[in-house]
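Step one of this worksheet: look at the structure below.
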Amino acid sequence: MDINKVLIIGSGPAGYTAAIYAARADLAPILISGSEPGGQLMQTTEVENWPGEPEGILGSELMDNLKKQAERFGTRFMSDTVIDVDFSERPFKVRTNDKEFFAETIIIATGASARWLGVPGEVELKGKGMSACATCDGFFFRDKKVAVVGGGDSALEEATFLTKFASEVVVIHRRDELRASKIMQARAMENPKISFVWNTEVREVLGQERLTGLRVFNNQTNVESIMEFDGVFSSIGHKPNTDIFAGKLELDVKGYIKRRPDSASTNVEGVFVAGDVADPWYRQAITAAGTGCMAALEAERYLAARE
Ligand code: NAP
């Protein structure tokens with residue numbers, strides 16, 4: 001049986017940073033990159049808040065650099081997807097589509113994915129006007145009318161961003177009170193291109209070849225109506241990628257992996273966590289990288305203590 005010292009699941013900034021640290025500590029990590037190598041940053045354009053890049057850097061270039069840096073110190077990469085884990089015995093067991101891996105420590109950095117509305121028409125019209133990423137697709141809606149669904153910081157951030165391109169941005173929220181921070185609210189409310197539709201739920205995404213609008217329901221008046229749009233952005237939060245860990249690690253009510261305060265450790269000794277999969281709050285590339293570093297250092301200390 002080939003037992004790895006450190007096995008990292010996920011290839012965003014958290015996974016790659018964990019790999020850089022573990023590899024430099026001579027732990028020869030193996031990293032299983034999943035179905036979307038590079039993670040969410042591969043879908044963004046320019047990253048302007050990564051420290052040390054005063055001119056900004058493309059998300060894909062940043063991820064490529066992190067990967068090369070991890071490779072330079074001896075990380076082994078597997079482009080495969082983990083389908084099952086067994087943390088009940090040591091060494092831990094991780095199963096992918098093709099293989100089984102064994103490891104003394106695991107670092108989970110599987111990230112989070114945007115949540116979709118889950119209404120009829122949405123799947124069919126993805127990429128034809130329906131999107132969950134304003135930074136990826138906003139460019140296609142120059143001088144068009146778009147809707148953003150949601151009432152949190154992400155929704156208002158996306159709505160504000162979209163005003164760079166769209167002629168009109170309508171925020172559709174299911175309540176009459178926003179969840180977003182006051183500063184984001186003020187910025188959006190001051191923007192003449194942004195308007196709000198309150199107490200309104202999306203029932204259907206309409207269109208054949210292209211998205212043409214939404215069928216919506218006002219939950220105060222109980223009236224259903226059709227609104228015309230060229231594009232619709234779902235901005236109702238993110239879902240942590242933790243399906244394979246359910247019942248195997250402690251998760252919070254929203255499905256994020258619980259970690260001990262000020263630590264990267266989980267409720268299973270030797271299993272560590274980094275990045276958005278345990279972070280519903282900051283969700284930044286730099287915080288993901290920071291926790292990736294923490295997870296690798298803790299894995300190293302755990303291994304040293306066992307030896
Ligand atoms: P969020 O705060 O959870 O907000 C999600 C929004 O979507 C809520 O308004 C919610 O409505 C709505 N929603 C949820 N499910 C829905 C559904 N099925 N249909 C319609 N609406 C639905 O998520 P987020 O905006 O992605 O923010 C996540 C975290 O990141 C927050 O802590 C936020 O502060 C932070 N963040 C910060 C910034 C920033 O500071 N620049 C930017 C983005 C995100 P209800 O309000 O009715 O629940």
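The values are calculated or read from the model by the stated rules, or taken from the named source; none is laboratory data. Fair warning: this is a prediction, and the values are worked out from it, not measured in the lab. Every residue, glycine among them, receives a Cβ derived from its backbone with ideal geometry; neighbour counts consider all protein chains shown. We work out accessible area using only protein heavy atoms, side chains counted, and drop any ligands, DNA or RNA first. Shrake-Rupley method; radii C 1.70, N 1.55, O 1.52, S 1.80 Å.
Just a few scattered comments:
- So ALA305, is it part of a helix (DSSP H, G or I) and either over 27 Å from SER88 (Cβ atoms) or touching a helix residue (DSSP H, G or I) at 6+ places or on another chain (Cβ under 6 Å) (or both): no
- The residues of the stretch 123-142 that are more than 16 Å from the ligand (Cβ to nearest atom) and outside any strand (DSSP E or B), listed by number, are GLU124, LEU125, GLY127, LYS128, GLY129, ASP137, PHE139, PHE140, PHE141, ARG142.
- Of the residues making up the stretch 179-192, one or more are more than 21 Å from GLY118 (Cβ to Cβ), open to solvent by less than 20 Å² (accessible area, probe 1.4 Å), within 13 Å of the ligand (Cβ to nearest atom) and without any contact (Cβ under 8 Å) to a residue 40 or more places away in the chain.
- Residue within the stretch 32-43 that is free of Cβ contacts under 8 Å to residues at least 60 places away in the same chain, open to solvent by less than 20 Å² (accessible area, probe 1.4 Å), under 16 Å from VAL277 (Cα atoms) and not in a helix (DSSP H, G or I) present: yes
- Evaluation of PRO120 against (1) away from the ligand (no atom under 15 Å from the Cβ); (2) part of a loop (DSSP other than H, G, I, E, B); (3) farther than 30 Å from ILE3 by Cβ (one fails), failing number: (1)
- Selection within the stretch 286-307 - open to solvent by 20 Å² or more (accessible area, probe 1.4 Å) and in contact (Cβ under 8 Å) with a residue 40 or more places away in the chain: ILE286, GLY290, THR291, CYS293, LEU297, GLU300, TYR302, ARG306
- For the condition at pLDDT below 95, of a type in the set (D, E, K, R) and not in a helix (DSSP H, G or I), LYS239 qualifies.
- Residue check, GLY150 in contact (Cβ under 8 Å) with a residue 12 or more places away in the chain, surrounded by 23 or more Cβ atoms within 10 Å (Cβ to Cβ) and away from the ligand (no atom under 16 Å from the Cβ): no
- Considering the conditions (1) of a type outside the set (A, V, I, L, M); (2) more than 30 Å from ASN49 (Cβ to Cβ); (3) out of contact with any Gly (no Cβ under 9 Å at 6 or more places or on another chain); (4) buried (at least 16 other Cβ atoms within 10 Å of the Cβ), GLU269 is excluded by exactly one of them, (4).
- Taking the criterion of being more than 8 Å from the ligand (Cβ to nearest atom), touching an Asp or Glu at 6+ places or on another chain (Cβ under 8 Å) and either open to solvent by 40 Å² or more (accessible area, probe 1.4 Å) or at pLDDT below 95 (or both), the only residue of the stretch 158-178 that qualifies is SER167.
- Number of the condition not met by GLU209 [criteria: (1) open to solvent by less than 50 Å² (accessible area, probe 1.4 Å); (2) part of a loop (DSSP other than H, G, I, E, B); (3) touching a residue at least 40 places away in the same chain (Cβ under 8 Å)]: (1)
- Residue tally, condition among the aliphatic types (A, V, I, L, M) and in contact with a Ser or Thr (Cβ under 7 Å, 6 or more places away or on another chain), over the stretch 240-255: 2
- Comparison of PHE217, PHE229, PHE233 shows that the only residue that is at pLDDT 95 or above, touching a strand residue (DSSP E or B) at 6+ places or on another chain (Cβ under 9 Å) and more than 13 Å from the ligand (Cβ to nearest atom) is PHE229.
- Within the stretch 97-117, the set of residues being surrounded by fewer than 18 Cβ atoms within 10 Å (Cβ to Cβ), over 21 Å from the mean Cα position of the chain (by Cα) and not in a loop (DSSP other than H, G, I, E, B) comprises GLU100, PHE102.
- Note on the stretch 251-285: residues that are closer than 16 Å to ALA305 by Cβ and of a type in the set (S, T, N, Q) total 2.
- Filtered residue count, the stretch 147-174, keeping only those that are under 22 Å from GLY213 (Cβ atoms) and not in a helix (DSSP H, G or I): 16
- Residue within the stretch 29-45 that is of a type in the set (D, E, K, R) and at pLDDT below 90 present: yes
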